[in-house]
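Student: Would you mind keeping the following structure in view while I ask a few things?
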Amino acid sequence: MNFRAQVLACGGYLPERIVTNDELARTLDTTDAWIRQRTGIRQRHIAAEGELTSDLAVKAAERALAAAHLKGSDIDLLILATATPDNTFPATATKVQARIGMKGGAAFDVQAVCSGFIYALATANNFLRAGQAKRALVIGAETFSRILDWNDRGTCVLFGDGAGALVLEAKATNGHAGTGLHSNMERGVLSTHLHSDGCNYGILYVDGGPSLNGRSGYLRMEGKEVFRLAVERLAAVVDEALAANGLAATDIDWLVPHQANKRIIDGMGRRLGLPAEKVVVTIDRHANTSAASVPLALAEAAGDGRIQPGQLVLVEAMGGGITWGAGLLRW
Ligand code: UT7
């Protein structure tokens, strides 16, 4: 039998505390105007002291499960995308597994920084299509506030904390489980496309780690180079995803991009010829929440009724590694 991974529901969670650009400008040599113009960010949510990545992930997962009318015990695969786990080990996913009441199956973390959600989605999709799991929770959750150098204005203004989750279910299909012309109208994940290029390891990284120096470290980034590569690589992977399914940019109902910079998002929208109303934007309120940005944006746009069943949704992201990827979903 062939299976297709269909999205049943989404959920998102943002910590209560909101930090505006003006608040940052009180202690940092920056301005609200610079941050808005260069990035599109107005504010970000920051986790409370003692509020961990697992706490955000559990809240997003519980909301997604409630929306799907399911319990944790109905899930047999949990994949958590995060670059800010609670502990070096075990995987934060296992903590989330216990807290949502998921008794069996497998839970593990995926680490691809800002592309983490696309990597987790691709992994879950392949498990479900292979018949190795029935229902998956795919979560992106981050507390980047803990790995920011709050004296480095070039990075600390860009990120926020949050979590988003999707429940996916394996559905038997009428035939074509693979990508291709005959299957792009059937609901579910149509295809995912992952890439990495370790030659660019050093342009976006954290200067600590258990093996490196025993510290958790701080995020370091060559912003301009990351920006340039994001534009180039995302364009290529989006073309790859459309071509693999025999689809054109005009078929896209929603672009749900990683939220790193409004200028990158606008550039992709223009390249695809999409009007602004078809592009889901959260960066103004959430900033860059790394692996959480795409599932948070999906939860918002599905939750308020913008994304409707049967519509074509394009997701894409690029992050440290560098890693990048895209996915096409018939919602
Ligand atoms: O999610 C993973 C992927 N991440 C990304 O895709 C991020 C990609 N990169 C970017 O979004 C942009 O490169 C940034 C927003 C990080 C920076 O924007 P930029 O237009 O590339 O600015 P820049 O780094 O070239 O800096 C321009 C100027 C510099 O001053 P000088 O040298 O021209 O005097 C910076 O020192 O802006 C200065 N600057 C700031 N000024 C006020 C840098 N950060 C700030 C700041 N406030 N927060």
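The values are calculated or read from the model by the stated rules, or taken from the named source; none is laboratory data. Please read these numbers as outputs of a predicted model, since none were measured by experiment. Note: ideal-geometry Cβ built from the backbone for every residue, glycine included; neighbour counts use all protein chains shown. Each accessible area value is taken on the protein alone, full model and side chains, heavy atoms only, with ligands, DNA and RNA left out. Shrake-Rupley method; radii C 1.70, N 1.55, O 1.52, S 1.80 Å.
Student: Answer yes or no as to whether GLU169 is open to solvent by 30 Å² or more (accessible area, probe 1.4 Å), of a type in the set (Asp, Glu) and either touching a His at 6+ places or on another chain (Cβ under 9 Å) or within 26 Å of GLN308 (Cβ to Cβ) (or both).
Tutor: Answer is no for this residue.
Student: Something else: Can you go through THR88, THR30 and tell me which one is among the hydroxyl-bearing types (Ser, Thr, Tyr), within 16 Å of the ligand (Cβ to nearest atom), in contact (Cβ under 8 Å) with a residue 40 or more places away in the chain and out of contact with any Ser or Thr (no Cβ under 6 Å at 6 or more places or on another chain)?
Tutor: Unique residue meeting the criteria: THR30.
Student: Name the residue that is farthest from GLY116 (Cα to Cα), counting only residues in segment 297-321 that are within 16 Å of the ligand (Cβ to nearest atom) and open to solvent by 10 Å² or more (accessible area, probe 1.4 Å).
Tutor: Going through the qualifying residues, I end up with GLY321.
Student: Select from segment 88-112 the residues that are under 28 Å from ILE322 (Cβ atoms) and either assigned to a loop (DSSP other than H, G, I, E, B) or in contact with a helix residue (DSSP H, G or I) (Cβ under 6 Å, 6 or more places away or on another chain) (or both) and list them in ascending order.
Tutor: THR88, PHE89, PRO90, ALA91, THR92, VAL96, ALA107, PHE108, ASP109, VAL110, GLN111, ALA112
Student: If you don't mind, there's one more thing I want to ask. Looking only at segment 32-46, count how many residues are in a loop (DSSP other than H, G, I, E, B) and either more than 18 Å from the chain's Cα centre (by Cα) or among the polar types (S, T, N, Q) (or both).
Tutor: Number satisfying all stated conditions: 2.
Student: Then there's this: Applying the selection to segment 1-27, what residues are away from the ligand (no atom under 16 Å from the Cβ), open to solvent by less than 40 Å² (accessible area, probe 1.4 Å) and not polar (S, T, N, Q)?
Tutor: Once the filter is applied, which keeps residues that are away from the ligand (no atom under 16 Å from the Cβ), open to solvent by less than 40 Å² (accessible area, probe 1.4 Å) and not polar (S, T, N, Q), segment 1-27 yields ARG4, ALA5, VAL7, ALA9, CYS10, GLY11, GLY12, TYR13, PRO15.
Student: Which residues, taken from segment 135-148, are in contact with a helix residue (DSSP H, G or I) (Cβ under 6 Å, 6 or more places away or on another chain) and surrounded by fewer than 24 Cβ atoms within 10 Å (Cβ to Cβ)?
Tutor: Correct list: ARG135, LEU148.
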